[in-house]
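The values are calculated or read from the model by the stated rules, or taken from the named source; none is laboratory data. Remember, predicted model here, so these are calculated numbers, not experimental data. Positions of Cβ are generated from backbone atoms using ideal geometry, with glycine treated the same way; all protein chains shown enter the neighbour counts.
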Amino acid sequence: MTQLCRSSGRTAWLLLVGALAAVTAATLLGPMSSTTWENPQLLFTLVTVTAAACVIASTITIALADQRDMAEVGLLGTALMVTSVMPLVHGLTTPGVLYDDNEAFRTSIYLALPVAMVVALPLMVPRSAFGRWASRRWRDWTLLSLLGVFVLASVIVFFPDLVTVPDPRSPFTIAMTLLVLAATGSLSVRQLRLYELGRSPANLVASLSLAMISITALLPTIDDPYNAAFWWLHVAGSLGVLGACVGMAVSRGMTKSAQDILAPILTRDPLVAFELGLSPVVHQFVADLERKDQITRDHVVRTGELAIRVGERMRLPASELRTLGLAAMLHDVGKLNTPNSVLKKPSSLTAAEYEVIKLHPTDGEQMLATEPTLAAAAPIVRSHHERMDGAGYPDGLVGDQIPLASRIIAVCDALDAMTHDRPYRQALPVSMAFAILREHAGSQWDQHVVRQVMATLPSMAPAGTFTAVGRTADRDDIAPDWSVDVSEAPDDLSEILAAVDAEI
């Protein structure tokens, strides 16, 4: 089913791109290229009405993003706003209706997509310092971008001949067109990847819509403002903006329970796409864990967050990233079978109780294996307590015999358990937890994964998501402190590690 969804999404995307390319080629170069239909009044009506509708749709998208604190949606909605406001200016300045011949008619459409791509730049360079800043301060970036585009639009409307742009066939125009085509295409491919990750049809709609928007990059290269290509690109652009806005809005139409589950989690994709694509079965498992033990529920959500961030940093393919996220969020689902007297015991476990808690990986595997959509995560859940030296459970796997996803979850699991309060102990400082991970890397945990987790966690801190009970970590608190030595750990370190291994 996973492979079918992924291939069907790619097939739909390739078919649309092929159809867009064929129609565009026919109107630009084929027999339709010489067809001209000069009708300023129709153009004025078509563009102003559809652009106004796009402005409303993108405004709703931004409002939804603000309400639910979703940076990706807000940034994309702002870029869509630009591709709505500038075409609105283009329609209003149509020569022969409200204005005589003027430069604004070309200038507005010439600048629409390039300015939109500047606004969407954080989505194209998410790992850069600027991309991380914009994801944290996305409301500031949105406000600044909207202010800029409305000022630019006002200047063009009130001073229609102030700005001129290069000729349609100039090298600069051609280079800009190719650059914008690549940029908008990358955004379309990004949404396609998010569809593959989260299985949300709305992401596929957004991807297809962005592909339609991308071909409007060709408008500045058209000499005749009323030929077939001119009309076709206007229609395609309008449908693309409306479709992208609808896709983004619908994909965020979550129930209250889903929003509660998402509350502790960062708001940037791919995690949001992954969460929104979770089936009701997953939501039910998480809700059952919450009823069973709030501490365990919060722990698995945080572990799922960190694991998928680490997987993204390690550049896992979308399908593997999704399976990792599912397994991480459900790695303790087997504890639904664990007696409360063991699970909530406020002291160390006895040997017999430890044997009971050690059943949860196999219990979890059995629960997930019965659900077709979760079966791929089942063996990962089974192996998340294996150790690199073979001393783990339930199978005593060694090194690379342990699935990579299980090794990632093991480190994220341990780090979260060490740095959060439990009824029987206080949380360790993150720097101390890092020292412990380093000390046992290679024997208990995968060395490479430990390095990736330690590199990932500091970048998450500014969003305030990785927290210990009653406090929010900041960058200084969780930055890797290489001066901390494990010998400085508490006297009961062995008991802490045993408890972490049992996850109580």
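Can you confirm whether Trp133 is assigned to a helix (DSSP H, G or I) and out of contact with any Gly (no Cβ under 9 Å at 6 or more places or on another chain)?
Considered against the rule, which asks whether it is assigned to a helix (DSSP H, G or I) and out of contact with any Gly (no Cβ under 9 Å at 6 or more places or on another chain), Trp133 comes out as yes.
Taking region 176-233, which residues are over 14 Å from Met124 (Cα atoms), among the hydroxyl-bearing types (Ser, Thr, Tyr) and part of a helix (DSSP H, G or I)?
Listed by number, the residues that qualify are Thr177, Tyr195, Ser207, Ser209, Ser214, Thr216, Thr221.
When you go through Ala263, Ala273 one by one, which is the residue that is outside the structural domain of Pro114 (by TED's automatic domain parsing), at pLDDT below 55 and in contact with a Leu (Cβ under 7 Å, 6 or more places away or on another chain)?
Ala273
Could you pull out the residue among Thr83, Thr59, Thr48, Thr78 that is of a type in the set (Ser, Thr, Tyr), without any contact (Cβ under 8 Å) to a residue 24 or more places away in the chain and part of a helix (DSSP H, G or I)?
Selected residue: Thr59, the only one of Thr83, Thr59, Thr48, Thr78 that is of a type in the set (Ser, Thr, Tyr), without any contact (Cβ under 8 Å) to a residue 24 or more places away in the chain and part of a helix (DSSP H, G or I).
State which residue is modelled with the lowest pLDDT when the search covers only region 148-172 and only residues that are more than 10 Å from Ala104 (Cα to Cα) and surrounded by 16 or more Cβ atoms within 10 Å (Cβ to Cβ).
Step one: list which residues in region 148-172 are more than 10 Å from Ala104 (Cα to Cα), which gives 148-152, 154, 166-172.
Then drop every residue that is not surrounded by 16 or more Cβ atoms within 10 Å (Cβ to Cβ), which leaves 149, 152, 168.
Details: Val149: 95, Leu152: 95, Pro168: 91.
It comes out as Pro168.
Please go through region 104-130 and pick out each residue that is of a type in the set (Gly, Ala, Ser), under 19 Å from the mean Cα position of the chain (by Cα) and either surrounded by fewer than 17 Cβ atoms within 10 Å (Cβ to Cβ) or assigned to a helix (DSSP H, G or I) (or both).
Ser128, Ala129
Ser145 versus (1) under 27 Å from Asp66 (Cβ atoms); (2) surrounded by fewer than 19 Cβ atoms within 10 Å (Cβ to Cβ): which is the lone unmet condition?
(2)
Could you check how many residues of region 212-248 are of a type in the set (Gly, Ala, Ser) and touching a strand residue (DSSP E or B) at 6+ places or on another chain (Cβ under 9 Å)?
1
Given the conditions (1) at pLDDT below 90; (2) closer than 26 Å to Met454 by Cβ; (3) of a type in the set (Val, Ile, Thr), which single one is not true for Val333?
All conditions pass for Val333, except number (2).
Looking at region 380-387, can you tell me whether even one residue there is more than 28 Å from the chain's Cα centre (by Cα), surrounded by 20 or more Cβ atoms within 10 Å (Cβ to Cβ) and at pLDDT below 85?
no
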